[in-house]
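A.B. asks: Following this message is one structure expressed as structure tokens.
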Amino acid sequence: METGIQALLAPLVVSIVALILMMQIAFKRHAIVSWLLGCTGFILAILALKPMADIVPKMVTPLLLSDQYSLFFSALILFSGLITTLLAKDYLQNRRGENEEFYLLLLLSSLGAMILVSATHVASFLLGMELLGVALYALIAYPERGQLPLEAAIKYLILSGAASAILLFGFALIYAVLGTLSFVGIGQALTQPILEDQQLLILLGTAMVFTGIGFKLSLVPFHMWTPDVYQGAPVPVTGFLATVSKGAIFAALLRLFIDAELYQYQGLMLSLSVLAIASMLAGNLLALKQDNLKRILAYSSIAHIGYLFITLIVYGVLQQPGLAVEAATFYLSAYIITSLAAFSLLSIISSNISETDLDDISHIQGLFWRQPMLALMLTIALLSLAGIPLTVGFIGKFYIFTAGIEGSLWVLLAALIIGSGISIYYYLRIVFQMTMKEPAGGSGAANMDPNSVRLSVLSKFVVWLLIFMMLYLGVLPQTLMEYLGGLSL
Amino acid sequence: MELILFYIAAAVALFATVFALTRSNAAHALIYLIVSLLAVAVIFFLLGAPFAAALEILVYAGAIMVLFVFVIMMLNLGEEGQERERQRMHPAVWVVPALLSTILLVEMVVLLTKFDGPQTGALITAKQVGMSLYGPYVLAVEIASMLLLAGLVGAYHVGRRFRSNDSDEQSIAKPTPESREVNN
């Protein structure tokens with residue numbers, strides 16, 4: 001049992017700090033103390049990964065597995081949580097109301113994500129996903145004024161609830177045939193001969209599972225909620241949603257996909273290919289027409305998840321890991337770091353100028369002339385999202401491309417190339433807006449007084465760290481590549 | 001015999017659910033929803049899961065639905081509400097749900113007098129459920145408790161939004177600028 005506690009040290013630390021934080025709020029509200037507790041929780045949990053690494057892989061009850069893979073994603077989740085906490089301080093400072101619960105919900109949401117990435121059982125998979133989601137509904141609706149956050153939260157609540165119901169139904173059908181709920185158990189039961197009409201039930205169940213997960217990952221055609229929710233949520237939460245929520249669900253899906261050996265179904269692989277191509281093309285095409293930065297990033301995230309799905313299909317074609325797992329983990333890490341950087345910069349720009357989020361493309365017009373450093377960093381982040389060399393986004397895309405060639409998926413690769421080509425247009429459009437001279441009587445960045453903008457040391461530290469990681473991993477990716485190459489599921 | 005009872009209960013569940021979905025009055029729909037949940041509880045009982053059946057009634061039909069009904073009825077106070085209440089007691093409204101519930105009651109009486117275990121699978125007692133929840137799946141219970149904590153804190157915070165908007169005139173007087181493109 002002792003080693004069981006050691007193997008779950010980081011989730012335990014996060015839970016305990018969440019409870020302490022709750023008691024602190026109950027006795028005496030204090031924004032700074034809550035913020036410090038939140039930061040401490042994330043930092044302690046990151047430190048707790050070290051003793052966990054000594055004893056992995058370790059199965060803790062049938063529900064959770066601590067291994068290198070779950071540790072790596074836990075580290076990414078906790079890092080994103082820490083960055084969000086650091087940014088939220090400046091962001092929430094300008095907003096009235098009770099801001100202490102924000103950190104509590106953030107801790108709980110990260111806990112859900114960590115459970116999700118170490119889930120080896122349908123029960124822990126669903127519970128982790130719900131914990132992540134329930135805390136996120138409240139985070140999205142966090143600002144106490146304005147209709148958009150509430151609208152976004154209700155949309156997310158209803159669609160996410162429906163998706164969970166479909167997911168649960170799918171798992172119930174699979175359980176009805178196979179009688180097991182553990183991922184590995186499902187994989188083993190599938191190797192036994194199964195009656196034909198039962199095959200059909202399993203296929204139906206699997207299709208429903210992927211529909212539910214498709215909603216959560218906002219694959220086309222289940223993507224309708226994404227732009228509205230991204231736009232309505234406060235910027236730090238949007239960043240958290242785009243990175244932790246999507247990343248953790250994809251990581252858990254990868255484990256389910258491989259452990260339960262779902263890749264052996266040709267029909268499933270075909271439909272996944274269709275979903276991936278639709279996401280890559282529709283996501284990028286719809287982003288072209290947007291004038292809101294958050295909506296652009298929302299559509300681009302749809303396309304990025306589409307790129308990621310190529311790795312699943314490669315696995316299905318090769319029937320063995322090959323480069324697929326390595327490519328997926330690298331791309332996911334690159335995407336998380338880059339998105340965090342982009343949303344951090346948006347959050348800093350927003351918290352410096354006004355109480356509401358400034359996310360219209362006209363708000364950043366002329367940013368290069370007012371805030372050259374911010375604008376330069378946003379440009380680097382956007383170039384990394386587009387996959388331009390010297391940034392980590394390029395290496396990630398290169399990885400996926402190589403994996404695709406390994407699996408000879410020419411149609412998918414064509415969609416990847418076309419999608420990336422389109423994406424460069426709308427990423428560069430943002431950069432172009434920033435270089436334009438200030439408009440006459442415009443709003444936002446153009447008329448903000450350079451003296452009134454104070455970048456706190458904290459925000460500076462956060463963005464410099466993220467930009468450094470992006471460029472460092474873009475130029476010297478070997479260390480991360482070697483580490484990820486050693487990860488096994 | 002179990003098979004016949006199952007089909008009756010399943011038909012009641014389907015019928016009640018369809019009616020719950022098609023009623024325009026929320027209170028009427030809720031009554032049908034309760035009947036549907038009762039029918040599902042009977043099916044659980046037939047499958048050999050009396051504990052799940054009891055929970056279904058206690059938690060869904062009992063706690064959650066009664067809460068819903070109370071909230072909806074409390075929103076209808078005053079003269080107009082009383083009139084609506086009188087209309088609600090019209091026989092056309094309660095006869096069908098009462099009939100469906102009676103069918104379920106008869107089924108239950110038959111089951112209690114001559115039920116000798118489920119046709120397929122094994123009988124799962126409350127003790128077995130408890131043993132596995134607090135045995136191998138104890139972490140699931142812990143995670144579920146954190147889930148409830150998140151739900152509670154979230155509901156408190158979102159609920160606060162409406163309370164503060166009522167007392168805080170400023171927030172109404174000062175609309176936030178929201179430009180929103182309706183292109184998709």
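The values are calculated or read from the model by the stated rules, or taken from the named source; none is laboratory data. All values derive from a computational prediction rather than experimental measurement. Don't worry about glycine lacking a Cβ; one is built from the backbone with ideal geometry, like all the others, and counts go over all protein chains shown. All accessible areas refer to the heavy atoms of the entire protein, side chains included, with ligands and DNA or RNA removed. Shrake-Rupley method; radii C 1.70, N 1.55, O 1.52, S 1.80 Å.
A.B. asks: What pairs in A:Lys397/A:Lys437; A:Lys155/A:Lys246; A:Lys216/A:Lys289; A:Lys50/A:Lys460 have C-alpha atoms more than 26 Å from each other? Kindly include the intermediate steps, with their values, before the conclusion.
C.D. replies: Values: A:Lys397/A:Lys437 33 Å; A:Lys155/A:Lys246 17 Å; A:Lys216/A:Lys289 24 Å; A:Lys50/A:Lys460 28 Å.
Flagged as over cut-off: A:Lys397/A:Lys437; A:Lys50/A:Lys460.
A.B. asks: List the residues, sorted by chain then number, that are 5 or more residues from A:His121 or on another chain and whose placed amide H is less than 5 Å from its amide H.
C.D. replies: A:Phe183
A.B. asks: Could I ask something else about it? Can you give me the Cα centroid spacing of the range A:261-320 and the range A:146-203 in angstrom?
C.D. replies: Comparing the Cα centres of the range A:261-320 and the range A:146-203, I get a distance of 20 Å.
A.B. asks: In debye to the nearest 20, how big a dipole does the range A:265-489 give about its Cα centre with +1 on each Lys and Arg Cβ and -1 on each Asp and Glu Cβ? Mind dumping the intermediate values first?
C.D. replies: Numbers: 9 positive and 10 negative charges, 45 e Å.
Dipole of the range A:265-489, to the nearest 20 debye: 220 debye.
A.B. asks: Relative to the compact globular guide of 2.2 N^0.38 Å, what is the alpha carbon radius of gyration of the range A:186-278, as a ratio?
C.D. replies: Rg over 2.2 N^0.38 Å, computed on Cα atoms: 1.28.
A.B. asks: Which distance in Å, rounded to a whole number, links the C-alpha centroids of the range A:415-435 and the range B:33-69?
C.D. replies: 54
A.B. asks: Any idea what angle helix A:293-318 forms with the longest principal axis of chain A, computed on alpha-carbon atoms, 0 to 90 degrees, nearest 10?
C.D. replies: 20
A.B. asks: Using Cα pairs under 8 angstrom and six or more residues apart, how large is the relative contact order of the range A:265-489, in percent? Please report the intermediate quantities before stating the final value.
C.D. replies: Details: 302 pairs, mean separation 64.5, N = 225.
29 percent.
A.B. asks: Can you run phi through the Karplus equation (6.51, -1.76, 1.60; θ = phi - 60°) for the range A:418-428 and list ³J(HN,Hα) in whole Hz, with x for Gly and Pro?
C.D. replies: 4, x, 5, x, 5, 5, 4, 4, 7, 5, 5
A.B. asks: Follow-up. Let me know the charge dipole size of chain A about its Cα centre in debye, to the nearest 20, where only the beta-carbon of Lys, Arg (+1) and Asp, Glu (-1) is charged. The partial results should precede the final answer.
C.D. replies: On the way: 21 positive and 25 negative charges, 175 e Å.
For chain A, the charge dipole is close to 840 debye.
A.B. asks: With a 1.4 Å probe, what is the total accessible area buried between chains B and A, in Å² rounded to the nearest 100?
C.D. replies: Numbers: alone 13530 and 18600 Å², together 28590 Å².
Looking at B and A, the buried total is near 3500 Å².
A.B. asks: If you roll a 1.4 angstrom probe over the protein chains with everything in place, what fraction of the accessible area of the protein assembly as shown belongs to carbon and sulfur, to the nearest %? All intermediate terms of the calculation are to be shown ahead of the outcome.
C.D. replies: On the way: 20390 of 28590 Å².
That fraction is 71 percent.
A.B. asks: Which one, B:Gly117, A:Leu168, A:Thr84, is farthest towards the positive end of the dipole of the protein assembly as shown when Lys and Arg carry +1 and Asp and Glu -1 on their Cβ?
C.D. replies: The residue sitting most towards the positive pole is A:Thr84.
A.B. asks: Next up: What accessible area per residue, rounded to a whole number of Å², is obtained for the protein assembly as shown using a probe radius of 1.4 Å?
C.D. replies: On the way: 28590 Å² over 673 residues.
Accessible surface, normalised per residue, equals 42 Å².
A.B. asks: What are the residues of the range B:109-143 that lose 20 Å² or more of accessible area, with a 1.4 Å probe, going from their chain alone to all protein chains?
C.D. replies: At a threshold of 20 Å² (probe 1.4 Å), the residues of the range B:109-143 that become less exposed are B:Pro136, B:Tyr137, B:Leu139, B:Ala140, B:Ile143.
A.B. asks: What is the spin-label model distance, in nm, from A:Arg96 to B:Ile64 if the labels are put 7 Å beyond Cα along the C-beta direction?
C.D. replies: 3.7
A.B. asks: To the nearest 500 deg cm²/dmol, what mean residue ellipticity at 222 nm is calculated for the protein assembly as shown from DSSP H runs of n ≥ 4 alone, each contributing -39,500 (n - 2.57), summed and divided by the residues? Display every interim value, and only then the final one.
C.D. replies: Details: 30 runs with 504 residues, N = 673.
The helix-only estimate for the protein assembly as shown comes to -25000 deg cm²/dmol at 222 nm.
A.B. asks: What is the set of long-range amide H partners of A:Asp360 at a cut-off below 5 Å, with H atoms built 1.01 Å from backbone N?
C.D. replies: Excluding prolines and chain starts, which carry no amide H, the hits are A:Leu293.
A.B. asks: Using alpha-carbon pairs under 8 Å, 6+ residues apart, how would you state the relative contact order of the range A:194-325 in percent? Please report the intermediate quantities before stating the final value.
C.D. replies: Details: 119 pairs, mean separation 38.1, N = 132.
Over the range A:194-325, the number comes to 29 percent.
A.B. asks: Give the angle, between 0 and 90 degrees and rounded to the nearest 10, that separates the Cα long axis of helix A:122-140 from the longest principal axis of the Cα atoms of chain A.
C.D. replies: Around 20 degrees separate the two axes.
A.B. asks: Further question on the same structure: So how exposed is A:Met373, as accessible area in Å² (1.4 Å probe, rounded to 10)?
C.D. replies: Counting only protein heavy atoms, the figure is 90 Å².
A.B. asks: Could you give each residue of the range A:248-257 its phi-based ³J(HN,Hα) in whole Hz, using Karplus coefficients 6.51, -1.76, 1.60 with θ = phi - 60°, and x for Gly or Pro?
C.D. replies: Those phi angles translate into 5, 5, 5, 4, 5, 4, 4, 5, 4, 4 Hz.
A.B. asks: A:Leu323's amide H: which non-local residues (gap 5+, or another chain) put their own amide H closer than 5 Å, with H modeled 1.01 Å from N in plane and none for Pro or chain starts?
C.D. replies: none
A.B. asks: Ok, one more. Please report the spacing between the Cα centers of the range A:1-40 and the range A:462-476 in Å, no decimals.
C.D. replies: Each part reduced to its Cα centre gives a spacing of 29 Å.
A.B. asks: Suppose R0 equals 41 Å; then what is the FRET efficiency for B:His90 and B:Phe162 from their Cβ-Cβ distance, rounded to the nearest 0.05?
C.D. replies: Working: r = 34 Å, r/R0 = 0.83.
Taking R0 as 41 Å, the efficiency between B:His90 and B:Phe162 is 0.75.
A.B. asks: Moving on. Taking only Cα atoms, what is the 0 to 90° angle, nearest 10, from helix A:101-117's long axis to the longest principal axis of chain A?
C.D. replies: The two axes meet at around 30 degrees.
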